[in-house]
Amino acid sequence: MSNIDIFALINSRYNAFTNTERKVADFIKENSRDVLYMSITDLADACNAGESSIFRFCKTLDLKGYQEFKIVLAHSISIEDETPPQISSEITLNDSIEDLSSKILASNIEAITETYNLLDVQHIQAATSLLVHANRIHFFGVGSSGVSALEAKNKFMRITNKTEYSTDVHFQMMSAALMEENDVAVIFSYSGSTKDALEIAEVVKEKGAKIIVITRFAKSPLTAFSDITLLCGGREGPLQGGSLSVKSSQLYILDLLYYSFIKETKSHSIKNKELTAQAVITKVL
């Protein structure tokens with residue numbers, strides 16, 4: 001897969017493309033670097049086409065789907081530039097430790113700053129209200145976003161006994177199936193296009209529970225299910241799964257919800273925080 005030159009492949013099949021596929025191909029060739037960081041919805045909007053058209057375009061190139069297309073595109077751009085292989089948007093294998101330290105610092109600061117600039121105070125307030133009044137709060141996430149969901153469970157279990165999270169996606173699906181109207185689901189997904197996250201959201205929606213989505217893209221398949229969407233910053237290309245800067249931006253929003261929850265519940269959360277701290281104090285030397 002990594003040996004495929006996506007630009008040569010597009011050019012070789014260009015004459016056989018439909019008009020819509022040609023429009024998509026032209027946009028990709030002219031904006032290849034931007035496309036690396038686009039969701040399938042973003043690319044569809046930019047090309048004035050449907051998501052299904054983008055998927056068919058990928059299939060026409062004998063690729064499994066949009067994610068494989070972006071991986072091939074990333075490799076093709078590196079080959080075209082004849083630069084050292086990139087392990088993030090700026091970091092290369094030739095960087096010194098000093099280069100790495102400054103670039104990683106800059107990327108994390110940029111991600112959190114971007115998240116701050118994307119914040120909608122009314123959405124944070126509305127999300128906090130849902131969490132405060134929920135009977136149960138279920139956190140969902142798979143892969144790297146699952147780590148953020150686990151941290152959400154870790155934080156909120158210190159101040160309330162109504163949170164749930166499972167690392168196993170099958171258990172997450174079962175948990176979603178048992179949700180009720182007064183429950184709230186918080187779903188972490190950078191792309192908003194992960195199949196597992198979409199299936200969970202669909203089940204939660206059928207149960208009538210509320211959904212808070214924490215994602216990078218305002219327009220994605222997942223946000224179609226959300227009652228409240230909270231946007232995080234950070235750029236993650238197809239070869240950069242598990243980016244710390246993306247996770248930092250998700251955890252920034254999580255911290256904001258956590259302290260906003262404490263602010264609204266005051267003495268109750270503070271009492272629970274003292275109880276949970278006391279429960280583990282003997283574990284510390």
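Only the coordinates and a few stated rules stand behind these numbers; no lab work does. As the structure is a prediction and not an experimental result, all values here were calculated from the model. FYI the Cβ positions are ideal-geometry reconstructions off the backbone, even for glycines, and counts take in every protein chain you see.
In table form, for the structure just shown:
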| read-out | value |
| --- | --- |
| Added length on full extension, which subtracts the Cα-Cα distance from 0.36 nm per residue, ALA106 to LEU244 | 48.5 nm |
| P(r) tail fraction, the chain - alpha-carbon pairs more than 37 Å apart, % | 22 |
| Span per principal axis, largest first, for the Cα atoms of the stretch 156-251 (Å) | 36, 31, 24 |
| FRET efficiency estimate (nearest 0.05) - Cβ-Cβ, ASP5 to THR282, R0 45 angstrom | 0.15 |
| Radius 11 Å from Cβ of MET173, net charge of other residues (Lys, Arg +1; Asp, Glu -1) | -4 |
| Ordering of 160-167, 99-106, 39-46 by packing [mean C-beta count within 10 Å, highest first] | 39-46, 160-167, 99-106 |
| Rounded FRET efficiency, nearest 0.05, which uses the C-beta distance separating HIS268 from LYS195 and R0 of 35 Å | 0.40 |
| Relative compactness, the stretch 6-81, computed as alpha-carbon Rg over 2.2 N^0.38 Å | 0.97 |
| Label-point separation, HIS133 to GLU180 (7 Å along Cα→Cβ), nm | 1.7 |
| Approximate spin-label separation ASN154-ARG13, in nm, with each point projected 7 Å along Cα-to-Cβ | 4.3 |
| Of LYS210/LYS266; LYS153/LYS207; LYS205/LYS283; LYS205/LYS263; LYS64/LYS219, those spanning more than 31 Å from alpha-carbon to alpha-carbon | LYS205/LYS283 |
